[in-house]
Protein chains: 2
Amino acid sequence: MDRKILLKKDMKEKQELVNIILDRFLPRKDEYPKDLHKAMRYSVFAGGKRLRPYLTMTAFEMFNSNIELITPVAAGIEMIHTYSLIHDDLPDIDNDDFRRGKKSCHTIFGEGVALLAGDALLLSAFELITLAELDAKLRVQFVHELAKEVGIKGLIAGQMVDIESEGKKVDKKTLHYIHENKTARLINLSLRFGALAGEAKEEELKILDEYGKLIGLVFQIVDDLLDIEGTQEELGKTIGKDAESAKATFPAVYGIAESHKKAEELTEKAREILAPLGEKALKLDILAEYLLGRKE
Amino acid sequence: MDRKILLKKDMKEKQELVNIILDRFLPRKDEYPKDLHKAMRYSVFAGGKRLRPYLTMTAFEMFNSNIELITPVAAGIEMIHTYSLIHDDLPDIDNDDFRRGKKSCHTIFGEGVALLAGDALLLSAFELITLAELDAKLRVQFVHELAKEVGIKGLIAGQMVDIESEGKKVDKKTLHYIHENKTARLINLSLRFGALAGEAKEEELKILDEYGKLIGLVFQIVDDLLDIEGTQEELGKTIGKDAESAKATFPAVYGIAESHKKAEELTEKAREILAPLGEKALKLDILAEYLLGRKE
């Protein structure tokens, strides 16, 4: 099968599995208090690529075919990702009116509801992850690592430095700090959880960790480039917004050509790193290529 | 020893134990990114009574004297409580400039930082609770129940209905829904976790659950009454604010005299319920009296 078609088909299948879990887990829209549940569902089903769950499920599948075991964890990670987008879009942080081609949560439901819907998704993630039929020690480890790497040792620290840097010219060190924490960590953790649950060996975990760090960075560089080069239709958010507001982006710090080159080199490195895993890592290899070439 | 002095001494000792854990766990004020850590510490050490950790530790102590086992859980619950106060005070929700006699978090650090500090405390709570030296299954259960009862099945649902009810005349059913969810659940869970970790028997858990529900309600009624009757100095927040803004409060729905009567009756009932536990429940008995008579 053609590599691109194989990936597309696999992503679609896993997206559907994750969507089923999310739909079953989240309260119905008409459950009291309605607006909270409407807002949560609105953002969760706003058409995300489900990249993080895909990574979790694909890493797991390399070592264990019983994929149902990991889907609650994968879906929980997607809820955490959605929480971070809702809070990030709020006027107090990034003030974005659009997300994934649709109005952002607070634009529709108001800021108070969006704030609470974000909180609720973060909490729901832990509720769901603890339900996974995995060893209790592993679930404790997942909760611990997520809480840490989404919190003060990761995503939130990244968001904090991001808002502090608004309107300032940032240096390379700060740029990397923001994006490693805001984006790359959760992407890496998604892979790690799949591999841990699948009982990958120490050296396999190490390979996936290196791969995860690299594609996490590529993901963000491409995001920054799309913000400049994409058309609004393809991307579904206000184009050029990051550049305009002098935000910390790769093209702003390295220039456009250098950012493209960086993304290509990192992708190549990520694919090379997978080599010792052989055929087992085929999907991750195709994914690295896809993340570099994506248009949305 | 005089009952009041006994309680005061015991609360102070446990407060200190919790404060030590919180101080050790939270990043220093000068750690990067500083404002995030300053804001977290500011709100955590703004002079709370540490009622919830007190309940956890006191319930645990009824069945197990090795109190260090439960302090990370107790401190985690206090961080969750603090998170809920920070987000509740934000302009998007309650818009309160004062809390515990001090300026609220966003008034000092700005809304974006306060939002992130709240998120970070919620996450840190899970990070800390999973570190407790308790059986992994119990830790998974704690995370699960907290995520649920702080989230869409509890605190956040209560906050949501609270903001929806702003400026409207609420009925008794709505009032109880808001306060059971916003306040009583976490108070009850605090007791429950102590008792569960102490390996209380099923009938003991049941007694504490009934007691917890009652004092949770008393706590909120007294809070509402203090908002009307307290002096600003005693209470440390803008007096009469809840009444002015037509918020859902017990005095607004039941009247002042009836609210006092209700609080007294519920307290009496809570104390009666403890009877089968005998001497073991002495501190909780004194605490019920204290919560009824508190002036701050």
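The values are calculated or read from the model by the stated rules, or taken from the named source; none is laboratory data. Since the model is a prediction, treat every value here as computed from it, not as a measurement. As a convention, Cβ positions derive from the backbone with ideal geometry for all residues, glycine included, and neighbour counts pool all protein chains shown. All accessible areas refer to the heavy atoms of the entire protein, side chains included, with ligands and DNA or RNA removed. Shrake-Rupley method; radii C 1.70, N 1.55, O 1.52, S 1.80 Å.
Please enumerate the residues belonging to segment B:141-162 that are facing chain A (nearest Cβ under 7 Å) and open to solvent by 10 Å² or more (accessible area, probe 1.4 Å). Can you show your working first?
First pass over segment B:141-162, keeping only residues facing chain A (nearest Cβ under 7 Å): B:143-144, B:147-148, B:150-152, B:156-157, B:159-161.
Answer for segment B:141-162, where residues must be facing chain A (nearest Cβ under 7 Å) and open to solvent by 10 Å² or more (accessible area, probe 1.4 Å): B:144, B:148, B:152.
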Practice task
Specify the residue that is surrounded by the most Cβ atoms within 10 Å (Cβ to Cβ); the eligible residues are those in segment A:84-102 that are closer than 25 Å to residue B:154 by Cα and facing chain B (nearest Cβ under 8 Å).
Solution key: A:87
Exercise for the section: Could you check residue A:211 against (1) within 14 Å of chain B (Cβ to nearest Cβ); (2) within 17 Å of the chain's Cα centre (by Cα) and say which number it fails? Expected result: (1)
Exercise for the section: Please state which of the following conditions residue A:105 fails to meet, knowing it meets all the rest: (1) of a type in the set (A, V, I, L, M, F, W, C); (2) over 23 Å from residue A:192 (Cβ atoms); (3) more than 8 Å from chain B (Cβ to nearest Cβ); (4) open to solvent by 10 Å² or more (accessible area, probe 1.4 Å). Expected result: (4)
Completion exercise
Of (1) buried (at least 24 other Cβ atoms within 10 Å of the Cβ); (2) within 12 Å of chain A (Cβ to nearest Cβ), residue B:75 fails just (2)
Problem - Residues that are at the interface with chain B (Cβ under 7 Å from one of its Cβ atoms) and either in contact (Cβ under 8 Å) with a residue 24 or more places away in the chain or not polar (S, T, N, Q) (or both), drawn from segment A:114-130 - result: A:115, A:116, A:119, A:120, A:122, A:123, A:124, A:126, A:127
Practice task
Could you list, in sequence order, all residues of segment A:263-281 that are without any contact (Cβ under 8 Å) to a residue 60 or more places away in the chain, within 19 Å of residue A:64 (Cβ to Cβ) and open to solvent by less than 60 Å² (accessible area, probe 1.4 Å)?
Solution key: A:278
Practice task
Determine whether segment B:117-138 contains at least one residue that is under 22 Å from residue A:76 (Cβ atoms), open to solvent by 20 Å² or more (accessible area, probe 1.4 Å) and not in a loop (DSSP other than H, G, I, E, B).
Solution key: yes
